[in-house]
1. Please work out which residue is nearest to ILE162 (Cα to Cα), limiting yourself to the stretch 196-220 and to residues that are at pLDDT 95 or above and hydroxyl-bearing (Ser, Thr, Tyr).
2. Taking the stretch 605-632 as the region of interest, how many residues are surrounded by fewer than 18 Cβ atoms within 10 Å (Cβ to Cβ) and out of contact with any Phe, Trp or Tyr (no Cβ under 9 Å at 6 or more places or on another chain)?
3. Mind telling me which of the residues TYR219, TYR167, TYR186, TYR210 ends up being of a type outside the set (Gly, Ala, Ser) and under 13 Å from ASP250 (Cα atoms)?
4. Keeping to the stretch 279-304, report how many residues are within 13 Å of the chain's Cα centre (by Cα) and of a type in the set (S, T, N, Q).
5. Inside the stretch 493-542, can you point out the residues that are among the acidic types (Asp, Glu) and more than 18 Å from LEU448 (Cα to Cα)?
6. Can you go through GLU74, GLU57, GLU45 and tell me which one is touching a Gly at 6+ places or on another chain (Cβ under 8 Å), among the charged types (D, E, K, R), surrounded by fewer than 17 Cβ atoms within 10 Å (Cβ to Cβ) and closer than 26 Å to GLY552 by Cβ?
7. Counting residues that are over 28 Å from the mean Cα position of the chain (by Cα) and in the same structural domain as TYR465 (by TED's automatic domain parsing), which strands (runs of 3 or more DSSP E) fully inside the stretch 393-452 reach at least 1?
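The values are calculated or read from the model by the stated rules, or taken from the named source; none is laboratory data. Being a predicted model, the structure only gives us computed values, none of them experimental. Because the Cβ atoms are built from the backbone with ideal geometry, glycine has one as well, and the counts that use them run over all protein chains shown.
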Amino acid sequence: MDIKYSIDAMYMKDGKLEIRGWTVGDNKEHVKIAVHENNKRISAEINRNPRKDVAQELFGDAEFNDFGYSVTFEYHSGNKYSLELTSKNFRKSIMLSGMVRWISRFRGFRDRLAVSMTSRSRRDSLLDKRYDYSIFRRQINRIDKMAEKEDLVTSDSPTFSIVIPLYATPEKYLRELINSIEAQTYPKYEICFADGSPENSRLEKVILEYQKHNHRIRYKYLNGNRGISGNTNAALEMATGDFIVLCDHDDLLHKQALYELAKAVKYNPECDCIYTDEDKIDEKSQLYFDPHFKPDFNIDMLCSVNYICHLYAVRRSLVNETGGFREEYDGAQDHDFIFRTTEKARQIVHIPKVLYHWRTHIGSTSANPESKMYAFEAGKKAIKAHYERVWPQLEIEKIEDGVSLGIYHTYFNVKEELISVIIPNKDHTEDLDKAIRSLYERGTWKNLEFIVVENNSDEEETFEYYEKIQKEMPNVKVVYYDGGFNYSRINNFGAQFANGRYILLMNNDVELINPDSLREMAGYCQRDDVGIVGCRLMYEDDTLQHAGVIVGVQGIADHAFKGKALDEPIYFSRAMIAQDYSAVTAAVLLTKREVFDSVGGLDEAFEVAFNDIDFCLRVRETGKLVVYNPYASFHHYESKSRGLEDNAE
């Protein structure tokens, strides 16, 4: 087993660095820990603690152990530090300096993410495979009850108009919905019902019953069904509040929903659109399941799937500007509405709490997607219309169904401009040859130049290969980097020889899977608002190696869904949805030359690890997006057992 370890968190305070994590050797063997400064052991405070979660995961039991650790020592900027792990038969050295530089540099960036990261980390620590959702909900509700609630009701606090189109709504569900709204802890609301039900419906009597004690309920019978868009627009016409809140006729609101919306408005006075997380509820209103924890606003995910859905609130003045619902998009009218309102919003706020319960029953899209096939065709129309409004210069070849219904795959036409492929290499010519030939011979993008950056190879056969491949393929050029291993410096050196509009950073141990991968990546990278595009990487056994990078995992960052097979359930199919991320790996990374130059390339202070994360975050700081495109795919023959390390092994 060698030595397994994790660095879960790192903290810098008053000149001291604290590291927390776990480590274990073969057969639960104790691992000794030491800290080295400039290759010499220094004094450090080391505490061991049990980690039952690790013991259960690795060995199938949670008996007492000392796998956990916290290490604290004085840190002096400019010196090199390592964590030395030693067992009976193995030793592992973990370089810390790069990690600390990353934490220091991006403290400001992380602070801006602090609210969403903190809330997510808390809920994620509760919701994992050891917990079912019912336990999670009880724990979260207990936390909410303990939290002190602000008094948000003032003369200028917002009023929320909850617009609800009705059509043959089961009385039981309607009553439960109204009860959930009347239970709200924030009182400034109105309910606007527009009823398109057939004559002799009991819904009007139910509404009149509630109106006797609640003057905030408005109701209009439409004398006929105008369709989902027409019925919703009729409800919109009744609204007088500051914000429009969309709600389906058979769903439920969490009692804190409006309070949380009001709080979001108070602390984000320019927000025009707000959305929350949601889950599903069964027909009997007893089982809550399938929670959807969403990212902050993610335009490329929205172009792949309507992930916002419920609960969604929009400033009424913005709705007046953009217009209401359009019947030609019925079935995906909310997707179209969300596009048009977010396109013009000054600020879009995501509340990372489950505040909406989406009813599932026979015939509902949430439980049975095939029940409304027309909705998915309307979704494609909504996505195309969005691109035509925002990026009229983009040419859409087609939009098809993705990995499942409700997920969309957009194909872009893109001019085949020169891509400069930069590949650092030391020996391993069989891997290098496979990487080059798979991309050029099997790929559909032929306008390529390959810049192989030779870095201290030892084998004579390597240099013979260089001569051979350059003669065989005139678009391959080998350049010679003279210096010790520094991944950032090697790539920056190679970029000096690049002539393309695009630069593709690529490892020498990858192999193309989808022949259209570069076309898929360039389709996004051609946009002015996109700085970097990454791809899906698979291990040799066809499990996921990379589907985007999540900042904050493992104390620093890690790949999403690593080790998952594509045919097993993956959270809301996220691995197969084009979306924006904080970062992607540089094992295969496409960027524009102008973007690469604008941030000074890769930071050479990051010699081995985190240079790609650093590069992505600096590009994001310029206002450009980092896109993950799952339809671009490669095998990456990196060892599956290799973890997140900062050494040159």
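1. Checked the stretch 196-220; the qualifying residue nearest to ILE162 (Cα to Cα) is TYR219.
2. Start the filter on the stretch 605-632 by keeping residues that are surrounded by fewer than 18 Cβ atoms within 10 Å (Cβ to Cβ), which leaves 605, 608, 621-623.
With out of contact with any Phe, Trp or Tyr (no Cβ under 9 Å at 6 or more places or on another chain) added as a condition, the list becomes 605, 622-623.
Number satisfying all stated conditions: 3.
3. Working: TYR219 fails: under 13 Å from ASP250 (Cα atoms); TYR186 fails: under 13 Å from ASP250 (Cα atoms); TYR210 fails: under 13 Å from ASP250 (Cα atoms).
Sole residue among the options that is of a type outside the set (Gly, Ala, Ser) and under 13 Å from ASP250 (Cα atoms): TYR167.
4. From the stretch 279-304, those within 13 Å of the chain's Cα centre (by Cα) are 292-302, 304; that's our starting set.
Narrowing further to those that are of a type in the set (S, T, N, Q): 298, 304.
Of the residues in that region, 2 qualify.
5. Step one: of the stretch 493-542, the residues among the acidic types (Asp, Glu) are 509, 511, 516, 520, 528-529, 540-542.
Once the filter is applied, which keeps residues that are among the acidic types (Asp, Glu) and more than 18 Å from LEU448 (Cα to Cα), the stretch 493-542 yields ASP509, ASP528, ASP529, GLU540, ASP541, ASP542.
6. Numbers: GLU57 fails: touching a Gly at 6+ places or on another chain (Cβ under 8 Å); GLU45 fails: touching a Gly at 6+ places or on another chain (Cβ under 8 Å).
The match here is GLU74.
7. On the way: elements: 395-401, 408-413, 419-425.
Qualifying strands (runs of 3 or more DSSP E): 419-425.
Condition check ((1) modelled with pLDDT under 95; (2) surrounded by fewer than 20 Cβ atoms within 10 Å (Cβ to Cβ)) across all residues:
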| position | (1), (2) |
| --- | --- |
| PHE497 | no, yes |
| ARG501 | no, yes |
| PRO515 | no, yes |
| VAL533 | no, no |
| LEU537 | no, no |
| ASP567 | yes, yes |
| ILE570 | yes, yes |
